[in-house]
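Data first, discussion second: the structure below is written as structure tokens.
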Amino acid sequence: MDDSDRAFEHAVVADGTALGSPRTDDFTRHGWAHGRLRVRTEGPGWKQFASAWDDLVPDAYLDSARCRRNRRYGRVLAHRDGTLEPLHGSQFFQSKAVNPVFGGQLRVFEPLSEAAFASLEFAEILRESVVFVNRVAGTHDWELGIHFIRVIAEPHQGADPAPEGRHSDGHAYVSIHLIGRHQCVGGENQVFRRGLPDSEYAVTMTEPLEVLMLSDTTMEHGVSEIRAMDPSLSGWRDTLIVDFNIVLDPAEVPGRTHSSMH
């Protein structure tokens, strides 16, 4: 194990509880890894970044009877040299075969804000995630699809964060990061091996920047409903989801800006 691997081995969350960083050997063995990123989740920078979830807008493609889900979407070209290049365009497409509920249509979401792209914490989250994926997949250029999502549980009503149920997303890899929870219970993430009925792993993430790293080609995932802790008030769960797709020729990626994040 080299020094960079040791750096990923352990992290300490804000309350002093030790939680290991996602381990590449776990991922290689299982097709998934759970841990916490080594990004500070305290101080004004983090608070400003996390406040971006207060600025999300309702998902126009989701029937509000299923759940309330606010979101924004953005794209980044992660170059093999470590540069993170924001991309124009917030279109998102999945086939019906991948997503029977929402697939087969081009969904255009409200874009991520300039303030989010300017966040040092956001850049650190993406860099750590890309470093991890490069370790397990080999170093590549990646197109990242980035989803800021808030699922809201109304009083006396549950909310289903993934109405499509157990699924894969049609990408090479997916990372699911918890940003925060407010007055809610539930939201257990489950990981399944394709073709097998029972989950291999389940966790209810509670700490900011806990993360599940997944091979989207071999694994499927789901998440249980959330409910408000106080049935007279609303509760919510904020997540950052990153899709990874290999880029063979960066020049062919649409929406190039030739700029870089911090």
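Pull out a ≥ b ≥ c, the square roots of the eigenvalues of the alpha-carbon gyration tensor of the chain, then state rounded if a/c is under 1.5, prolate if not and a/b is larger than b/c, and oblate in the remaining case.
rounded
Any idea what the dipole of region 24-247 comes to, in debye rounded to 20, about its Cα centre with Lys/Arg Cβ at +1 and Asp/Glu Cβ at -1?
The calculated dipole for region 24-247 is roughly 160 debye.
Applying a 10 Å radius around every beta-carbon, put 196-208, 49-61, 218-230 in order of their mean neighbour count, most first.
By packing density, highest mean first, the sequence is 218-230, 49-61, 196-208.
Name the long-range amide H neighbours of Asp141: under 5 Å, sequence gap of 5 or more, or other chain; modelled H, no Pro or chain starts.
Distant-sequence amide H within range of Asp141: Arg80, Val247.
Assign one of three labels to region 22-64, namely rounded, prolate or oblate, based on the Cα gyration tensor with a ≥ b ≥ c the square roots of its eigenvalues; rounded applies when a/c is under 1.5, prolate when it is not and a/b is larger than b/c, and oblate otherwise.
It comes out oblate by the Cα gyration axes.
Classify region 91-213 as rounded, prolate or oblate, taking a ≥ b ≥ c as the square roots of the eigenvalues of its Cα gyration tensor: rounded when a/c is under 1.5, otherwise prolate if a/b is larger than b/c and oblate if not.
rounded
Report, by chain and number, residues whose modeled amide H sits under 5 Å from the one on Met229, excluding near sequence neighbours (fewer than 5 apart, same chain).
So Met229 has HN proximity to Cys184, Val185.
Below 8 Å, C-alpha to C-alpha, sequence gap of six or more: please give me the relative contact order for the chain in percent.
That works out to 24 percent.
Values quoted throughout were computed directly from the atomic coordinates according to the rules given, and no laboratory measurement underlies them. Please read these numbers as outputs of a predicted model, since none were measured by experiment. FYI the Cβ positions are ideal-geometry reconstructions off the backbone, even for glycines, and counts take in every protein chain you see.
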